[in-house]
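The values are calculated or read from the model by the stated rules, or taken from the named source; none is laboratory data. Small disclaimer: the values here were computed from a predicted structure and weren't measured. All Cβ positions, even for glycine, are placed from backbone atoms using ideal geometry, and neighbour counts span all protein chains on display.
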Amino acid sequence: MAGLKDTINGITAWLKTFFELGVALILLFIIIDILFPGTTGVVENVGEVVASFSREGIVGVIALLFFLWIFKK
């Protein structure tokens, strides 16, 4: 049973590293898009995501809080 737990911990660590890399790349693309508007289109996509959360009302707010909770873990 310890082997399964170690495998799950290894996969979790790998996914966390992959997720952190993705967040770092998104932040890099946002900075590039701010310095050179229209280069990557990430700012527009982030705006669309935020707008979709606001269109959904309370469900969108709950979903946003859920994603933030997951991100902090």
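Among the residues of the range 31-58, write down those that are among the hydrophobic types (A, V, I, L, M, F, W, C) and over 20 Å from K72 (Cα atoms). Of everything in the range 31-58, those that are among the hydrophobic types (A, V, I, L, M, F, W, C) and over 20 Å from K72 (Cα atoms) turn out to be I31, I32, I34, L35, F36, V42, V43, A51, I58. Residues of the range 9-30 that are among the β-branched types (V, I, T) and modelled with pLDDT of 90 or more: I11, T17. Could you check the range 1-51 and list, in sequence order, the residues that are in contact (Cβ under 8 Å) with a residue 12 or more places away in the chain and among the small types (G, A, S)? Residues satisfying the conditions do not exist here.
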